[in-house]
1. So E72 fits all but one of (1) among the charged types (D, E, K, R); (2) under 28 Å from L160 (Cβ atoms); (3) within 13 Å of the ligand (Cβ to nearest atom); what number is the exception?
2. Might you check whether a residue that is within 24 Å of E169 (Cα to Cα), crowded, with 19+ Cβ neighbours inside 10 Å and of a type in the set (F, W, Y) occurs anywhere in the stretch 109-121?
3. In the list M35, M58, which residue meets the criterion of being surrounded by 20 or more Cβ atoms within 10 Å (Cβ to Cβ), at negative phi, part of a helix (DSSP H, G or I) and of a type outside the set (S, T, Y)?
4. Please list, ordered by first then second residue, the pairs with beta carbon atoms under 7 Å, 6 or more apart or interchain, first in the stretch 199-219 and more than 13 Å from the ligand (Cβ to nearest atom), second part of a helix (DSSP H, G or I).
5. Working only within the stretch 5-39, note down all residues that are farther than 21 Å from L231 by Cβ and of a type in the set (D, E).
6. If you check I46, I28, which single one turns out to be within 24 Å of E85 (Cβ to Cβ), aliphatic (A, V, I, L, M) and within 11 Å of the ligand (Cβ to nearest atom)?
7. Would you call F64 surrounded by fewer than 23 Cβ atoms within 10 Å (Cβ to Cβ), at pLDDT 95 or above, within 14 Å of the ligand (Cβ to nearest atom) and over 15 Å from the mean Cα position of the chain (by Cα)?
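The values are calculated or read from the model by the stated rules, or taken from the named source; none is laboratory data. These numbers come from a predicted model, not from an experiment. Note: ideal-geometry Cβ built from the backbone for every residue, glycine included; neighbour counts use all protein chains shown.
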Amino acid sequence: MKTIDVCLSPDLMHLYPVNDRTVVVVDILRATSCMVTALAHGVQSIRPFANLEECRAMKSKNYFTAGERNGEKVEGFDFGNSPFEYMADNLKGEKIAFTTTNGTQAIAKSQGAKEIIIGSFLNLSAVTEYLKKGEDSVLVVCAAWKGKVNLEDTLFAGALVENLKNHVEPDCDAPLAAQRLYNLAKKDMVDFLKDSSHVKRLNRLNIHKDIEFCLTPDQYQTIPKLVDGELVRA
Ligand code: 3SL
């Protein structure tokens, strides 16, 4: 039977071989929620960068530049890290170079995986169905915050473990812990997360509507998949 494991922080990636796995990278607040939203609204592709200056340099290659550091839009970039910025019609068919504090770092640390896809609550059911059909075992990589575990990415990992419970076996205790946490939280995730570190951080930026949106399941069927360094619709 296929298995599922959960890497709760990119700093723990050395514990998880990925060469035979489908990796699902998740940064609920807000990087992977933005990626799903952008591709769902017609953006052609997103090239993720760990390094900010490499991302900035893509401007000269006809990419829009986007992302944040510590939650705030990078000076000189075209877009920040709110999903609502990626719904605009004028982004249809465009390419975006994207860098964020944790989400794009987690993608970089997942290199070498058999396959990398992007998860968020916004595409939870689509990702669930995709993983059910796939032949490979699954590793959910939580972007966390600068190496420290966070609740929201863990809840998403738990939602996947719960949805896949009749199809894949948990590899160890991290998927079980995530699943149990999700089952405690699922009735009202906004309330469950109200004291969490990143929600408090984002509240200081006054973006409560981003938090509510990013915690809303199944807004889109789109699954971003990394192909030749670019995220495209799977
Ligand atoms: O760390 C990240 O990748 C971001 O999603 C963080 S923030 O939500 O923009 O603060």
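1. (2)
2. yes
3. M35
4. The qualifying pairs are E212/V190; T216/F121; T216/L122; P217/F121; P217/L124; D218/L124; D218/S125; Q219/L122.
5. D5, D11, D20
6. I28
7. The answer is no for F64.
Condition check ((1) surrounded by 22 or more Cβ atoms within 10 Å (Cβ to Cβ); (2) within 15 Å of the chain's Cα centre (by Cα); (3) closer than 21 Å to V36 by Cα) across all residues:
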site: K133; (1), (2), (3): no, no, yes
site: A157; (1), (2), (3): yes, yes, yes
site: L160; (1), (2), (3): yes, yes, yes
site: A177; (1), (2), (3): no, no, no
site: R180; (1), (2), (3): no, no, no
site: K187; (1), (2), (3): no, no, no
site: N203; (1), (2), (3): no, no, no
site: Q221; (1), (2), (3): no, yes, yes
